[in-house]
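The values are calculated or read from the model by the stated rules, or taken from the named source; none is laboratory data. All values reported here derive from a predicted model rather than from experimental measurement. Every residue, glycine among them, receives a Cβ derived from its backbone with ideal geometry; neighbour counts consider all protein chains shown.
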Amino acid sequence: MRVPGISFLPQAPRAAAEPNRVDIALFVGFLPLRSGAVAETARVRVAMELSDAGWEVRAARTGAALVDLPVRVRSLEEVEALFDTGGRVDRSVSVISRPLAETVEIAEDETLFVVNLDGEEQRVTLTSGSITREQVVSDLSKALTLKGVDVSEGEPVGDKAPLEFRRTAQGAGSLTVYTHATLGFPMSAFDQSRLVGAPLGVALRTFFGAGGREAVIVRMGDPPPRYCSEEDRVAALSTLVGGGYGDGAPDLAGLLSDTLPELPAEYPTRDPWHGLAHLHGLEDVAMVLMPDLPELVATVPGVSREADELPRPKEIFQVCAPAPDTVLNGQIKASKPASVDVNGLEVWSRISAWAADQVKLITPEVMVLCAVPLVDEDAGELGAIDVLEIVKTGNVGQGMAHRQLQLVTPWITSRAADDMPAGAAPADGLLAGHIAASTLAQGAWRTVAGRALLAAQTPYGALDAVTFEAAPQMSVIGYGQRGPAILSDRITDPEVYNQANLRRLTALILRAARHRGQTAVFDPNGPLFWRDVAMSLTTLLRQLHSAGALRGLREEEAFQVLCGPETMSQADIDAGRAIAEITFAPAHSIEFIEISLIAAEGSFTQRGIAR
């Protein structure tokens with residue numbers, strides 16, 4: 001028997017993160033909230049952490065919505081306790097009548113109007129006689145708005161206009177308007193929505209499933225429905241980017257003339273921080289992802305055919321008679337994911353490059369991971385070569401060559417994306433998870449190229465021309481000798497060593513140097529301090545050299561650390577500046593080796609080796 005009272009649930013204290021770890025990912029995007037007792041308990045824990053981090057005022061202002069707040073999670077279980085990764089509605093539910101004249105005549109036996117909302121009938125008694133269309137809308141709105149149904153006039157057709165009924169209740173559900181010929185329903189009309197996966201939710205599933213251990217989620221609100229208008233996607237992009245970007249733009253083409261904003265600065269206050277700007281206060285984050293971006297820039301909806309156009313096979317009672325396609329909400333259930341045309345691809349390239357530029361202004365230690373969107377198969381002006389040229393030369397948008405930008409292609413089908421169209425999702429969360437797992441197990445300097453994926457994780461929509469040889473500025477997933485694998489691990493800048501693991505090694509050294517400097521802000525700037533700094537950095541590089549991160553048999557060949565009069569002028573010393581110079585030779589990873597052998601006279605002869 002349960003005794004009423006107060007229960008105290010002890011929780012183990014959270015261990016402080018290792019300051020130099022480079023495996024934590026920041027996810028910015030849209031995600032539905034979880035409801036129920038478990039979610040309420042989890043939100044209490046999050047509220048305490050946000051309060052300790054200085055976000056008590058904003059958390060109180062947004063209530064339990066957790067909007068635009070950095071929420072730290074350490075497992076997929078913690079994610080699911082707070083958020084419903086599969087709780088996104090697939091569409092907005094609406095029912096539209098036939099066009100009505102400005103005035104309608106309602107007979108005495110037609111005063112009852114009935115709708116069914118989520119299985120529960122709602123009855124409305126109308127006034128008999130001559131009544132205006134405007135008054136009909138007003139009467140129905142008064143009776144149904146509080147029930148969860150919005151009533152309005154639809155787009156006019158000449159001097160007539162239909163009635164539009166929209167379900168406003170939260171979550172998935174159905175709406176049926178029963179027969180009422182006078183008000184434009186000669187027969188009952190029905191619409192419904194179901195729950196599907198959210199891109200950010202799927203990215204978190206794959207991140208933790210691939211070995212990620214910790215993430216920070218900045219939730220920007222509920223995701224737009226899976227099948228929504230281009231105007232709704234533009235509004236979501238405006239929220240994601242912030243700074244007034246895209247305000248009032250009717251479509252993606254309207255964003256091409258809009259300037260992307262600068263993120264707010266770190267000081268004097270963090271009140272303006274929005275979305276990516278939270279990176280100012282997250283010094284342990286190493287990767288930034290925006291999983292919603294490939295879908296939000298989609299200009300070609302992921303819909304195959306309308307239900308009423310389906311050719312239904314004639315009923316034949318024989319073995320192996322073909323079954324009709326399954327219809328879900330007026331759409332084919334096995335619909336393909338949304339894709340982009342040239343405008344969508346240009347918006348994606350601009351926002352991706354903008355994110356990398358803004359992150360660079362905040363810190364050189366963080367990498368931006370973006371997934372390449374699917375290209376519309378019917379867009380004649382686009383193809384594999386066009387995508388590669390955009391990445392290589394930046395002939396669309398602001399260019400994409402960047403030392404802190406990593407692009408991954410193609411999309412991946414997996415069990416984690418079962419509730420997405422075709423079971424496919426962008427691979428940025430998957431790549432981030434493998435990077436995090438490799439970093440924790442082997443070190444930040446190890447490439448993830450060659451890491452095998454699960455057998456159920458297969459490339460989707462791969463362009464034949466996008467291979468790791470043809471796309472040296474992209475991280476490519478494909479088929480290795482033993483099945484699906486990560487074939488390359490690269491950044492988009494062709495002017496430097498573009499292996500992403502070398503950038504992660506550099507970020508590790510920069511982070512360690514920054515932490516060493518933060519602990520010595522008030523130390524006397526003199527020879528003792530310079531020697532201490534040089535010794536601490538030498539110790540780090542010595543450990544990296546021993547672990548195989550640096551090449552060279554001797555330490556003198558692998559690295560050099562200088563801090564003293566040879567790195568600073570007298571003006572620097574007088575101004576209180578201490579400058580340390582680090583030179584190191586990273587161990588260059590081999591992604592792929594091809595050995596050609598010739599079989600002749602019962603033996604094998606080596607013809608050549610190519611990298």
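Values as computed for the structure displayed
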quantity: Subset tally (residues that are of a type outside the set (A, V, I, L, M, F, W, C), under 20 Å from the mean Cα position of the chain (by Cα) and not in a helix (DSSP H, G or I)) for the range 250-301; calculated: 7
quantity: Complete set of residues in the range 490-513 that are part of a helix (DSSP H, G or I) and under 24 Å from the mean Cα position of the chain (by Cα); calculated: 500, 501, 503, 504, 507
quantity: Tally, over the range 76-110, of residues that are over 21 Å from residue 190 (Cα atoms) and either assigned to a loop (DSSP other than H, G, I, E, B) or within 47 Å of the chain's Cα centre (by Cα) (or both); calculated: 15
quantity: Residues (closer than 19 Å to residue 228 by Cα and among the polar types (S, T, N, Q)) located in the range 238-260; calculated: 238, 239
quantity: Selection from the range 398-431 of residues that are assigned to a loop (DSSP other than H, G, I, E, B) and among the charged types (D, E, K, R); calculated: 403, 418, 419
quantity: The range 548-564, residues that are assigned to a helix (DSSP H, G or I) and surrounded by 13 or more Cβ atoms within 10 Å (Cβ to Cβ); calculated: 555, 558
quantity: Test: residue in the range 113-120 that is in a helix (DSSP H, G or I) and crowded, with 19+ Cβ neighbours inside 10 Å; calculated: no
quantity: The range 246-259 residues that are closer than 17 Å to residue 340 by Cα, paired with ones that are of a type in the set (A, V, I, L, M, F, W, C) and part of a loop (DSSP other than H, G, I, E, B) (beta carbon under 7 Å, 6 or more apart); calculated: 252/297; 255/249
quantity: Positions within the range 43-73 being part of a helix (DSSP H, G or I) and within 23 Å of residue 432 (Cβ to Cβ), in sequence order; calculated: 46, 49
quantity: Hey, residue 231 among the charged types (D, E, K, R), in contact with a strand residue (DSSP E or B) (Cβ under 6 Å, 6 or more places away or on another chain), surrounded by fewer than 22 Cβ atoms within 10 Å (Cβ to Cβ) and in contact (Cβ under 8 Å) with a residue 12 or more places away in the chain or not; calculated: no
quantity: Checking residue 224 against (1) in the same structural domain as residue 435 (by TED's automatic domain parsing); (2) touching a Pro at 6+ places or on another chain (Cβ under 9 Å), the condition it does not meet; calculated: (2)
quantity: Pick from the range 172-207, criterion of a type in the set (Gly, Ala, Ser) and within 30 Å of residue 432 (Cα to Cα), ranking: nearest to the chain's Cα centre (by Cα); calculated: 203
quantity: Residue 247 vs. criteria in a helix (DSSP H, G or I) and surrounded by fewer than 22 Cβ atoms within 10 Å (Cβ to Cβ); calculated: no
quantity: Condition met for residue 165 (under 14 Å from the mean Cα position of the chain (by Cα) and modelled with pLDDT of 95 or more); calculated: no
quantity: Identity of the residue in the range 279-310, at pLDDT 65 or above and surrounded by fewer than 21 Cβ atoms within 10 Å (Cβ to Cβ), that ends up farthest from residue 510 (Cα to Cα); calculated: 300
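Here's the yes/no breakdown for (1) within 21 Å of residue 193 (Cβ to Cβ); (2) β-branched (Val, Ile, Thr); (3) free of Cβ contacts under 8 Å to residues at least 24 places away in the same chain:
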site	(1), (2), (3)
98	no, no, no
110	no, no, no
120	yes, no, yes
123	no, no, yes
130	no, no, no
149	yes, yes, no
